[in-house]
Amino acid sequence: MNVLYEISYFITQSLFLFYSFLYCLKKFSKKTTWTISIGVIRFILVGGVFFIMRYVLRYYILYAIFHEPAFRKFELKELNIASLYWVISYLLLASGYYYFERSIEKERELRLAEQEKVEQMLLFEESERQRLAFEQAFIQAQINPHFLYNVLSFLYSEALQYSEKMAESIYILSDIMRYSLQPGKNINNKVSLAKELEYIQNFIKLNQFRFNDEFQIRLKFEGDFEGAEISSMILMTFVENIFKHADLKDPSNPAVFEVIVRNGQLFFFSKNKKKAVISKELSNGIGLEYIKKRLSHVYGGDYYLNVDNEEDWYTVNLTLFNI
């Protein structure tokens, strides 16, 4: 019976003191005199409650359970001294555990801060690499196009003597290069919708020249394009996708490419039959993800895009609500 008493007595007191003092330490604040006072009062209350609890537990509860007269034959002074020993011991134990826990938490925060610092450095280095690459591409774009335009102009004048079709192809290629390399008019790289559609028509026409007009493509441009602008190369990406992955030689299933402007909104629709063998570039979705990022960056939530990638057909519906 005494062993059961000792165990229950020890466990009850230990759990109460340890977790009570741990709670007080976690709630303790040095911000103001008032918060310090509240914190000290908490510690005093825990000590006072513990003294009273020991007295009630030993003198009344345990006596009622075990009916041993020895529980009521004790000196109050000895009980208080023992209680004070328990209070001091568990205050030190809880403090040690609290600061040990804090040190682990701070170490974890330092590791996370160091990891974040390393990640920021890596991002900075990557951004620097990209910046240098863009600068190099920009320099090349200033040099190469001028040279190529001169060469294409020469080839165009020479080709006129032999083949009007060849000369027209060179002229269209020159115009395509000039458009694709010119900078956008504003920060969102928006261009005239009419120019963008003209570029698309030239691109299609040049490919038709290459393959003797074998491609089956149905174009439809409808609406007032005057003053309308669009983020450059968005629609062109879908056109290029058709030429890469569509079966364009089936007269019964021509590729459809429609652009309609109505009430300040642009409605784009394309549908094409897929080739029997689809290249990885389409299947991995990289181009589509790029378009989504461009649209989100330029138009925010003012667009709707739905792509149906079925077994035999590829369909795109795009709406720009404000052009």
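List of remarks:
- Length available on full extension from residue 296 to residue 59: 0.36 nm per residue minus the Cα-Cα distance, which gives 77.9 nm.
- Here each label is just a point 7 Å from Cα along the line to Cβ, and for residue 36 and residue 319 those points are 6.6 nm apart.
- A straight chain from residue 244 to residue 97 at 0.36 nm per residue would run longer than the Cα-Cα distance by 46.3 nm.
- Were the residues from residue 84 through residue 178 laid out at 0.36 nm apart, the gain over their Cα-Cα distance would be 24.9 nm.
- Inter-label distance, nm, simple model (7 Å from Cα along the C-beta direction), residue 115/residue 237: 3.2
- In sequence order, calculated HN-Hα J values of segment 163-172 (Karplus, 6.51, -1.76, 1.60; Hz; x Gly/Pro): 8, 5, 5, 5, 4, 5, 4, 5, 5, 4
- Listed values for segment 295-311 are Karplus-derived 3J(HN,Hα) couplings in whole Hz (6.51 cos²θ - 1.76 cosθ + 1.60, θ = phi - 60°), namely 4, 5, 5, 7, 10, x, x, 8, 7, 9, 10, 9, 10, 10, 9, 8, 5, and x replaces Gly and Pro.
- Computed over segment 186-323, Kirkwood Rh from alpha-carbon pairs, angstrom: 15.5
Read-outs throughout are calculated quantities, based only on the coordinates presented, and are distinct from any laboratory measurement. Just so it is clear, the structure is predicted and the values come from calculations on it, not from any experiment. Glycine also receives a Cβ, built like all others from the backbone with ideal geometry; neighbour counts cover every protein chain displayed.
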